[in-house]
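Participant: Take this structure, written in C-alpha cells, and hold onto it; I'll ask about it next.
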Amino acid sequence: MNTKVRRDDGRVWLAGVNGWSPAEKPSSVHAAQEAIMRAVGEDVAYDYLVGVSGLAFRMQVSKTNLCPSSPHSFCGRRCVARSTESLPWQVRVFELKPDDRDRSAGGAEV
C-alpha cells in the first residue's frame, strides 16, 4: 500500500489508504481499523478485529425480523471497544456529524 502520513496546520491523516468492499467486509468500522493498521505496517486482520470485538458472534433482532443494521458495530450493542483496545497503537476516536465537518475542533472525542 502506498500510504503516507500527511500533516497540515495541526491536522494529521493517512493518504492513500485503500478501501474495501462492503460485501466482503460488512463492518465498516473494523474494515477501517484494518486498513489503517495495515497502512502503517501493522499485521492486524479484519477477521481478528470482528472476533475480538464480539461482532462476529452478535445477532440483533427487531420485532418482525433480523435487524438490517446488525453488521454495524455502533448499532445496538456497541462492538468496537475491544477491537480498539487490541490495536498495537493508542487510539482516540472522534465522531462528527456531516454538517460539522468544517469545525476546527475536529468533533467530539468518545
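Participant: Among rounded, prolate and oblate, which fits the range 10-56 when a ≥ b ≥ c are the square roots of the eigenvalues of its C-alpha gyration tensor, a/c under 1.5 means rounded, and a/b larger than b/c means prolate?
Facilitator: prolate
Participant: Magnitude of the Cβ-charge dipole of the chain, K/R +1 and D/E -1, about the Cα centre, nearest 20 debye?
Facilitator: 220 debye
Participant: Let me ask something else about it. Could you point to the residue in Gln33, Gly54, Asn65 farthest towards the positive end of the chain's charge dipole, with +1 and -1 charges on the Cβ of Lys/Arg and Asp/Glu respectively?
Facilitator: Positive-most Cα among the choices belongs to Asn65.
Participant: Could you grab the relative contact order for the range 42-95? Cα pairs under 8 Å, six or more apart, rounded to a whole percent.
Facilitator: Relative contact order here is 35 percent.
Participant: What number, rounded to the nearest 500 deg cm²/dmol, is the helix-based mean residue ellipticity at 222 nm of the chain, given -39500 (n - 2.57) per DSSP H run of at least four residues and division by all its residues?
Facilitator: Helices in the chain give a 222 nm mean residue ellipticity of -6500 deg cm²/dmol.
Participant: First select every other residue whose beta carbon is under 15 angstrom from the beta carbon of Ala15; then total the charges, Lys and Arg +1, Asp and Glu -1.
Facilitator: Local charge sum for Ala15: +4.
Participant: Given contacts defined as C-alpha pairs under 8 Å and at least six residues apart, what's the relative contact order of the range 4-109, whole-number percent?
Facilitator: 18 percent
Participant: Let me ask something additional. In nm, to one decimal, how far is the Val93 label point from the Val61 one, both placed 7 Å along Cα→Cβ?
Facilitator: About 2.7 nm separates the two model spin labels.
Participant: Lys4: which lysines have alpha carbons under 25 Å from its alpha carbon, excluding same-chain residues fewer than 8 sequence positions away?
Facilitator: Output for Lys4: Lys25.
Participant: Let me ask you something else. Take the eigenvalues of the Cα gyration tensor for the chain, scale each by 5, and report the square roots as semi-axes in whole Å, largest first.
Facilitator: Taking √(5λ) for each Cα gyration eigenvalue gives 26, 18, 13 Å.
Participant: Cα axis of helix 28-39 to longest principal axis of the chain: angle in degrees, 0 to 90, nearest 10?
Facilitator: For helix 28-39, the angle is close to 40 degrees.
Laboratory data are not the source of any read-out in this text; all were calculated from the coordinates shown. Everything numeric here is computed off the predicted structure, so don't read it as measured data. Glycine gets a Cβ as well: all are built from the backbone with ideal geometry, and neighbour counts include every protein chain shown.
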